[in-house]
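The values are calculated or read from the model by the stated rules, or taken from the named source; none is laboratory data. Because the structure is predicted, anything quoted here is derived from the model rather than measured. Cβ coordinates were reconstructed from backbone atoms using ideal geometry, including for glycine residues, and neighbour counts include every protein chain displayed.
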Amino acid sequence: MHNNDFSVKVRKPGGEWKDLFEYEVKVDQVVGSGHSVQKASMAYFDFSGIVEVAVTSNKGVINNARIRPLSYGIKSKIKGNTLTFSLSNSASLSVEINNDIFHNLHLFANPIEKNIPDSKDPNVIYFGPGIHELPNQKLKVPSNKTVYLAGGAVLKGQIALDSVSNVNIVGRGMVDQEVRLGIHIANSKNVKVEGVFASQCFTGGSDDVKINNVKTISFFGWGDGMNVMASNNVFYDHIFVRSSDDCTTVYGTRKGFKGGCKNVTMQNATLWADVGHPILIGTHGNSEKPDVLENLNYFNIDILDQKEMQLDYQGCMAINVGDNNLAKNVLFENIRVEDFREGQLLNLRVYYNTKYCTAPGLGIEDVVFRNIEYNGQNSNISIITGYNEQRKVKNVTFENLKINGVLVHDEMPEKPKWYKTADMARFFVGEHVEGVSFKVK
């Protein structure tokens with residue numbers, strides 16, 4: 001449960017230092033085509049105003065350090081084996097010492113918790129600080145209930161919602177990371193999940209789901225972070241996902257959940273894919289009764305990493321439609337991509353993956369990439385390609401695409417007249433694609 005790699009303290013400026021508990025969390029390290037589980041650290045606290053943080057490396061001197069997302073611009077000071085910095089806003093951070101991303105500190109600085117439910121309320125299932133065992137490692141939550149995990153609570157079982165409504169899962173505690181699909185929302189309506197930690201947070205066959213300030217870290221095979229299948233009106237805000245497969249997906253019919261997806265929004269997120277994609281849309285559906293995946297929005301997201309050797313599964317932002325799926329009206333806006341280890345910046349394909357699909361996808365239409373910024377050297381060539389003349393990629397717009405500080409657009413002076421603009425971005429635009437444009441606004 002405890003990891004001794006770091007000692008973490010926090011205080012108000014000039015106040016008394018308070019020690020945090022450093023949890024052990026497992027992460028997936030890919031070497032070649034193999035996987036190995038590494039032991040990283042996690043700590044969390046609530047604050048308002050300004051907080052000072054001191055992180056001491058118990059393994060020795062700190063030669064260098066970085067705090068990610070880099071876009072936050074958090075400045076730190078190193079003295080011996082201690083790193084200090086200040087925060088004025090809530091944040092989900094990776095504190096990395098001596099270039100080590102697999103034994104790092106995941107630090108979750110939360111806003112002050114509000115509206116804590118009454119433990120005596122008959123509609124509240126209350127777990128205070130401590131370790132809580134569950135019969136059959138599962139908590140089946142009825143309708144009209146609130147599950148509360150206090151800070152310091154560790155639940156040794158899955159929180160399962162199945163065909164219920166009006167359920168809240170809130171607090172600062174955690175579902176034990178060893179529990180796969182730690183939070184599982186199925187065929188339910190009007191659900192809120194806020195402030196907690198788990199290995200995964202799954203949504204299938206559901207409507208009106210809000211997931212706020214939730215953190216997930218997985219280490220096992222097929223460890224997707226936050227899947228959405230056959231669900232509508234799903235809203236994510238201020239989330240952190242580090243996953244041993246895709247961080248977040250939107251699929252149609254899958255695993256017994258039937259139908260398309262409409263109105264899925266993710267904003268203010270940090271995504272880290274140790275395997276697979278940070279964002280994936282479209283692979284699974286119903287080839288006999290085609291699904292539509294539409295009105296999908298991704299705002300203000302930091303992508304910290306992708307590590308995927310298989311070319312079929314690369315793309316920090318990927319729309320790969322199979323099973324006669326149609327994906328349309330998709331917006332990526334204000335996305336910052338750091339220098340990932342291996343993969344592609346984006347991958348848009350209408351394809352037929354016979355391993356997972358029973359038919360090719362129907363199409364990809366009306367996709368906007370606005371204010372996308374990538375800084376790095378490791379991206380492979382991105383791919384945009386359709387399947388045939390009936391199954392195309394149509395109307396893809398890039399606005400203010402910036403790669404290593406260079407704005408890529410149709411009128412850029414650096415582009416020879418005989419080049420495609422996509423060449424300047426290192427994008428391959430293949431057959432059965434129409435209406436790709438690069439603009440500055």
Requested in this report: Tally the residues that are surrounded by 21 or more Cβ atoms within 10 Å (Cβ to Cβ) and of a type outside the set (V, I, T), restricting the search to the stretch 140-167.
Outcome: 5
Report summary line: Across the stretch 92-133, the tally of residues that are under 26 Å from V25 (Cα atoms) and in a strand (DSSP E or B) stands at 20
Report task. With the condition kept exactly as written, say whether any residue in the stretch 85-100 is surrounded by 15 or more Cβ atoms within 10 Å (Cβ to Cβ), under 20 Å from R66 (Cβ atoms), assigned by TED's automatic domain parsing to the domain that holds V25 and free of Cβ contacts under 8 Å to residues at least 24 places away in the same chain. Result -> yes
Query - Check on N395, over 24 Å from T270 (Cβ atoms) and in the same structural domain as L271 (by TED's automatic domain parsing) - result: yes
Report summary line: Over the stretch 80-108, the set of residues over 19 Å from V193 (Cβ atoms) and small (G, A, S) is G80, S86, S88, A91, S94
Requested in this report: Scan the stretch 39-83 for residues that are of a type outside the set (V, I, T), more than 13 Å from L105 (Cβ to Cβ) and assigned to a strand (DSSP E or B) and jot them down.
Outcome: D46, F47, E52, K77, K79
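Residue-wise test of (1) closer than 22 Å to I101 by Cβ; (2) basic (K, R); (3) touching a strand residue (DSSP E or B) at 6+ places or on another chain (Cβ under 9 Å).
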position	(1), (2), (3)
S7	yes, no, yes
K12	no, yes, yes
F47	no, no, yes
V53	yes, no, yes
A65	yes, no, yes
N81	yes, no, yes
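Check whether at least one residue in the stretch 346-355 is touching a residue at least 24 places away in the same chain (Cβ under 8 Å), more than 22 Å from G435 (Cα to Cα), among the aromatic types (F, W, Y) and in the same structural domain as D274 (by TED's automatic domain parsing), and report yes or no.
Yes - at least one qualifying residue is present in the stretch 346-355.
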Query raised in the report: Which condition breaks for S36 when tested against (1) farther than 25 Å from A269 by Cα; (2) surrounded by fewer than 17 Cβ atoms within 10 Å (Cβ to Cβ); (3) small (G, A, S); (4) in contact (Cβ under 8 Å) with a residue 12 or more places away in the chain?
Result: (4)
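Can you report the number of residues in the stretch 398-436 which are farther than 17 Å from T385 by Cβ and either under 26 Å from the mean Cα position of the chain (by Cα) or in a strand (DSSP E or B) (or both)?
Within the stretch 398-436, residues that are farther than 17 Å from T385 by Cβ and either under 26 Å from the mean Cα position of the chain (by Cα) or in a strand (DSSP E or B) (or both) number 10.
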**Report entry** Those residues of the stretch 311-352 which are surrounded by fewer than 24 Cβ atoms within 10 Å (Cβ to Cβ), out of contact with any Asp or Glu (no Cβ under 8 Å at 6 or more places or on another chain) and under 25 Å from D274 (Cβ atoms), in sequence order
**Finding:** L311, D312, Y313, F332, N334, D339, Y351
Query - Wholly enclosed strands (runs of 3 or more DSSP E) of the stretch 134-249 bearing at least 1 residues touching a strand residue (DSSP E or B) at 6+ places or on another chain (Cβ under 7 Å) and among the small types (G, A, S) - result: 153-162, 165-171, 183-186, 201-204, 232-243
Query raised in the report: Is there any pair linking a residue in the stretch 117-131 that is farther than 26 Å from F45 by Cβ to one that is modelled with pLDDT of 95 or more, with Cβ under 7 Å and at least six apart or on different chains, and which?
Result: N123/N144; N123/K145; N123/T146
Requested in this report: Report yes if some residue within the stretch 286-305 is of a type in the set (G, A, S) and buried (at least 23 other Cβ atoms within 10 Å of the Cβ); otherwise report no.
Outcome: no
Query - For T385: the one exception among (1) under 23 Å from R68 (Cβ atoms); (2) buried (at least 16 other Cβ atoms within 10 Å of the Cβ); (3) touching a Lys or Arg at 6+ places or on another chain (Cβ under 6 Å) - result: (1)
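From N3, N64, grab the single residue that is crowded, with 16+ Cβ neighbours inside 10 Å and under 27 Å from the mean Cα position of the chain (by Cα). I'd like the intermediate steps shown before the answer.
Details: N64 fails: crowded, with 16+ Cβ neighbours inside 10 Å.
Sole residue among the options that is crowded, with 16+ Cβ neighbours inside 10 Å and under 27 Å from the mean Cα position of the chain (by Cα): N3.
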